[in-house]
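Each remark here refers to the structure printed beneath this line.
The values are calculated or read from the model by the stated rules, or taken from the named source; none is laboratory data. Since the structure is predicted, the reported quantities are computational estimates derived from the model, not experimental observations. When we count neighbours, we look across all protein chains shown, and the Cβ atoms used for this are built from the backbone with ideal geometry, even at glycine. Note: areas computed on protein heavy atoms with side chains; ligands, DNA, RNA excluded. Shrake-Rupley method; radii C 1.70, N 1.55, O 1.52, S 1.80 Å.
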Amino acid sequence: MAEDGEVKPFRIGTRGSPLALAQAYETRKRLQEKFPELCEDGALEICVMKTQGDMILDKSLMELGGKGLFTKELDTALLGDEVDICVHSMKDVPTWLPEGTVLPCNLPREDTNDAFIHKDGSVKRIEDLPDNSVIGTASLRRQSQIQAKNPTLKCVNFRGNVQTRLRKLDDGVVDATLLAIAGLKRMDMDDCATAVLDWDEMLPAVAQGAIGIQCRSDDERSLKYIDALNHPDTKACVDCERAFLEALDGNCKTPIAGQARIIDGKIEFRGLIAMPNGSVKYETESQGEIGDAKDIGRKAGEELKEEAGDKFFEMMVEMSPQQVIGQLTK
């Protein structure tokens, strides 16, 4: 209770990009649908924060130090009781969480696939791009799968929010780009996609298309609210994928893809690791009971780690950002 006797607003922490705000608004809507008391004026508050990853856009994520760049400021606010929950794009969340916090909730998942966007829509597939075409992407996962199809294709660092990236495409900075179709759908922008790529064309990132909600582990009020929003099938798939990533000790120098889905009551998983230029690739597939989701992901990661061998990962650690990307920043 606040000092004046009124209930303290329930505070939702989020980044300030249009996509992050759309996800925060979706969370607010679902909370209000489940809990009528949160529909009252002032009952909910959205708290916008800038992360280091939002502010430094002229360097790759790998050069900056990895995915935690999009969550550290939110973690600090949560632990400092500046917010009650944090809403995340799950693919930005490290496999470890700060002590004193939990992430027990995933909202129903959107389409997990990547969208291929060509500058004039005349090319529908990566394979059909002319040699030496330039593709904008900040993702080594995408770069490795693109260059495995055609080593002449040039990938350049392409960061910023969705609108910024599409503007660069319109300005002719690149010939094409790839974005998660989930983000485009959440902002009602999916009509800009030239094509949606299936798993055989481009295996998506771990946890792509999933929204996660984090809170303090001892905050019973927040736990009550967000437990009611959790989508068990999405949670099982995301847990499977993140266990795969954790087993690989994945970082932003290693192209890693991993996706799980539930079909006929079973969880099916597919994973991939590769060299950044796509010259070497290791893949795995497995399935099992939904209750074993984490074990399925962990075992898949351990199998790929053994198959690739220590030398593969040592090479990744030793490579400089310039060697890995091998391209100019645009």
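A few notes on this one:
- Evaluated against (1) open to solvent by less than 20 Å² (accessible area, probe 1.4 Å); (2) within 17 Å of the chain's Cα centre (by Cα); (3) modelled with pLDDT of 95 or more, residue 254 falls short on exactly one condition, (3).
- Flag for residue 206 being aliphatic (A, V, I, L, M) and either assigned to a helix (DSSP H, G or I) or in contact with an Asp or Glu (Cβ under 6 Å, 6 or more places away or on another chain) (or both): yes
- The set of residues in region 122-157 being of a type in the set (Gly, Ala, Ser) and in contact with a strand residue (DSSP E or B) (Cβ under 8 Å, 6 or more places away or on another chain) consists of 133, 136, 138, 139, 144, 148.
- Qualifying residue in region 66-74 (condition: open to solvent by 10 Å² or more (accessible area, probe 1.4 Å), in contact with a Ser or Thr (Cβ under 9 Å, 6 or more places away or on another chain) and either at pLDDT 95 or above or in a loop (DSSP other than H, G, I, E, B) (or both)): no
- Residue 200 falls short on exactly one of the conditions (1) under 22 Å from residue 274 (Cβ atoms); (2) open to solvent by less than 50 Å² (accessible area, probe 1.4 Å), and that condition is (2).
- Residues satisfying the stated conditions in region 89-116, i.e. assigned to a strand (DSSP E or B) and acidic (Asp, Glu): 114
- Yes/no for residue 323 being surrounded by fewer than 18 Cβ atoms within 10 Å (Cβ to Cβ) and at pLDDT below 95: yes
- Of all positions in region 80-90, at least one carries a residue that is over 14 Å from the mean Cα position of the chain (by Cα), within 24 Å of residue 17 (Cβ to Cβ) and open to solvent by 10 Å² or more (accessible area, probe 1.4 Å).
- Matching entry among 195, 210 (being farther than 24 Å from residue 84 by Cα and either among the hydroxyl-bearing types (Ser, Thr, Tyr) or modelled with pLDDT of 95 or more (or both)): 195
- Conditions (1) open to solvent by less than 10 Å² (accessible area, probe 1.4 Å); (2) within 30 Å of residue 282 (Cβ to Cβ): number failed by residue 246: (1)
- Residue check for residue 223: touching a strand residue (DSSP E or B) at 6+ places or on another chain (Cβ under 8 Å), open to solvent by 20 Å² or more (accessible area, probe 1.4 Å), under 30 Å from residue 97 (Cα atoms) and not in a loop (DSSP other than H, G, I, E, B): yes
- Residue match in region 162-169 (condition: part of a helix (DSSP H, G or I), of a type in the set (Val, Ile, Thr) and surrounded by fewer than 21 Cβ atoms within 10 Å (Cβ to Cβ)): yes
- Restricting region 93-148 to residues that are hydroxyl-bearing (Ser, Thr, Tyr) and closer than 25 Å to residue 199 by Cβ leaves a set whose member that is most open to solvent (accessible area, probe 1.4 Å) is 122.
- Check on residue 253, out of contact with any helix residue (DSSP H, G or I) (no Cβ under 6 Å at 6 or more places or on another chain) and more than 16 Å from residue 307 (Cβ to Cβ): no
- Listed by first and then second residue, the pairs linking a residue in region 290-313 that is under 19 Å from residue 264 (Cβ atoms) and in a helix (DSSP H, G or I) to a residue that is open to solvent by 100 Å² or more (accessible area, probe 1.4 Å) and at pLDDT 95 or above, with Cβ atoms under 8 Å apart and 6 or more places separating them unless they lie on different chains, are 296/287.
- Members of region 11-25 found to be under 17 Å from the mean Cα position of the chain (by Cα) and of a type in the set (D, E, K, R), listed by number: 15
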